[in-house]
Every structure is written in C-alpha cells, then in structure tokens.
Amino acid sequence: MKKLEKLYEGKAKILYETDDSDLLIQYFKDEATAFDGKKRGLIENKGILNNRMSSRLFECLEENGIETHFVGHISDREMAVKRLEIIPVEVVARNVVAGSLAKRMGMEEGVPLKKPVLELYYKSDELGDPMINEYHIDAFGLARRDEVETMKEKALLINKFLVDFFEKRGIVLVDFKLEFGRHKGKVLLGDEITPDGCRLWNKITGEKMDKDRFRRDLGKVEESYQEVCSRVLS
C-alpha cells in the first residue's frame, strides 16, 4: 500500500489517500487542543501512544464482533483504515458524572450513574459540536433512523466491553466519544479510542489519566498517556 496525497487534516490526525481506493492511512499527531481549539499545545509522543492504544483497542473490539474501520498498524504513527463516509453525529457514552454533564446537572464529578447514558452531538468544529437529539438528526437528514439505532446499540456494546477492559487494568472509564461512518452498507466504528476522547481515572487514587490533565493544567500529561498505554498493551 502506497501513501499518496493528504486527504484531510484535523486537530489530532491526518488522513492520506493510498493506491487502494478503499483504504486510507490515518496519521496521529502530537498536537493537542482544548476548548474548541482555544487552547493548543504539544504532548510529547502522543501520536505514537495514541496509535498504539487505538490499534490494540480496535483489535480487541474486532475480536469481540464489533466491526471498526481498523485494518492494521503500519508504523509508529500510522494505521491503515477503511475509507468511511463519516456520519456527522458523535455519540458520547457516560458512566460517571463528569465534565459538561456535571455542570448541566449541577452535580459534583465522580457520581456513578445507575446505567450508561448516551448523548448525541452534531459534529461541527465551527459550532463547538452542539448537543442534539434524534429529532434534529431526522429533521436535518444527518443519518437515517436505522443508522442512529445501530450507532446507539454499538455504543452500548463498546461501552460494556471497554468498561470491563479498563476495569481489569485498574482504570475507570468515566465517559468517551465515538464516531461512526458508512462502509459498503454497514455502519462501522471509526476515528480513535484514546485518552484524547476518553475520560479515564485511576481506580485506586481517582487521579485523572486523560486529556483533562492538559485541559486543566494538571501537569504530568505525557506520563499519564504513557501509563494508560502501558496498561492498555498489558
């Protein structure tokens, strides 16, 4: 597979065309952003660590019957992925009250939820990814109803698997973001699964092990990513 021209560059990744029209190369960057791009910085070796973690987690999901865009890990910062038509609806799965949910509900962070909560967001950097519901999705034609149901079902299955996966490694999966896309008539999981898009807390100490350390200037950002990666690969 030969890497060709750049197709798209986002805040954390670059997608490249290849000589196979059905495959892309996804490159992971060290750049970090927060607050809709208002805060920017670098996390040393983040791209390498995120590529390793995503590759491992995608492999595990595939082994458990959940189809993803992942094809293979091809270098420190690159993976081969299937070309998806991205559905502009992000799904957030929440297991513990934190972040914007804590603010909206007027609650302290750290309260476990009685059952997982799914939230839907319109994927738009310009608008700050606003929360939407299924009426908006239907009215604006963002996805078909059956696709939304598939995304929700898959999100709950992925959440169940990842909660158990991280639990065994001494990490609480607080919440995380998922993106899906269409591929040959199927809805597949795309993007990445890393501390960039997951809230991960140390099960024993409650210490944050994710991008909140960058957002909130908590320090030890690189060390936390390295620790999560070590546990994911264990």
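The values are calculated or read from the model by the stated rules, or taken from the named source; none is laboratory data. Note that the structure is predicted; figures quoted are calculated from it, not measured. Glycine gets a Cβ as well: all are built from the backbone with ideal geometry, and neighbour counts include every protein chain shown.
General observations
- The residue that is surrounded by the fewest Cβ atoms within 10 Å (Cβ to Cβ), counting only those in region 174-204 that are closer than 13 Å to residue 231 by Cα and of a type outside the set (Lys, Arg), is 202.
- Residue in region 131-145 that is in contact (Cβ under 8 Å) with a residue 60 or more places away in the chain and touching a strand residue (DSSP E or B) at 6+ places or on another chain (Cβ under 9 Å) present: no
- First in region 52-69 and within 15 Å of residue 154 (Cβ to Cβ) and among the aliphatic types (A, V, I, L, M), second anywhere and at pLDDT 95 or above and surrounded by fewer than 21 Cβ atoms within 10 Å (Cβ to Cβ), Cβ under 7 Å, 6 or more apart: 61/161; 66/154; 66/157
- When restricted to residues that are in a loop (DSSP other than H, G, I, E, B) and touching a helix residue (DSSP H, G or I) at 6+ places or on another chain (Cβ under 8 Å), region 1-54 contains 7.
- Looking across 140, 165, one residue alone is out of contact with any His (no Cβ under 6 Å at 6 or more places or on another chain), closer than 30 Å to residue 227 by Cα and modelled with pLDDT of 95 or more. It is 165.
- Looking at 90, 149, 85, 62, just one residue is among the acidic types (Asp, Glu), over 27 Å from residue 17 (Cα atoms) and modelled with pLDDT of 95 or more, and that residue is 149.
- The residue of region 180-229 that is nearest to the chain's Cα centre (by Cα), among those that are aromatic (Phe, Trp, Tyr) and within 20 Å of residue 11 (Cα to Cα), is 180.
For (1) of a type in the set (Gly, Ala, Ser); (2) over 25 Å from residue 70 (Cα atoms), each residue gets a yes or a no:
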| site | (1), (2) |
| --- | --- |
| 123 | no, no |
| 143 | yes, no |
| 163 | no, no |
| 189 | no, no |
| 217 | no, yes |
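- Residue among 213, 169 that alone is touching a helix residue (DSSP H, G or I) at 6+ places or on another chain (Cβ under 6 Å), within 14 Å of residue 32 (Cα to Cα) and not aromatic (Phe, Trp, Tyr): 213
- Taken together, 96, 111 contain a single residue that is modelled with pLDDT of 95 or more, surrounded by fewer than 14 Cβ atoms within 10 Å (Cβ to Cβ) and not assigned by TED's automatic domain parsing to the domain that holds residue 54, which is 111.
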